[in-house]
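Asker: Handing you a structure now.
Where a number appears in this text, it was derived from the coordinates with a stated rule and is not lab data. Fair warning: this is a prediction, and the values are worked out from it, not measured in the lab. When we count neighbours, we look across all protein chains shown, and the Cβ atoms used for this are built from the backbone with ideal geometry, even at glycine.
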Amino acid sequence: MKDPKGWWDTQYRRNFGETLHEQDEVLNMFSPDLPHANIHPRTALAQASIAFTIIGGIMVFLGYNAPQMPATRRAFPRDGLVDELGGWQQNKANPESLEEH
């Protein structure tokens, strides 16, 4: 009998040099659940919906209650100092305009 805590590879619970089963990737402890589990699909859907609703509610709550920025963003004159930075169009910030989007 093997020592329950004496594994060489504690994740897959096997010793070094031990031969593996032919279908080890299907039979190990990280394989998917059996299809005949004792949970009804309607119950699983309800539990997943509740979990997603709770997580979404928390995200919406945190989004509305996020602290405001304590300072204003830096604004530069003349379209973001294009001439001072070399005059390239890549350096151009958002153009100043009077119309709102």
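Asker: With a point put 7 Å past each Cα toward its Cβ, work out how far Gln11 is from Phe52 in nm, to one decimal.
Answerer: 3.0
Asker: Net charge within 13 Å of His21 by Cβ-Cβ distance, Lys/Arg positive one each and Asp/Glu negative one each, not counting His21 itself?
Answerer: -2
Asker: Mind listing the long-range amide H neighbours of Arg14? Cut-off is under 5 Å, sequence gap 5 or more, other chains count too, H placed in the peptide plane at 1.01 Å from N.
Answerer: Close amide H contacts, sequence-distant or interchain: Trp8, Asp9.
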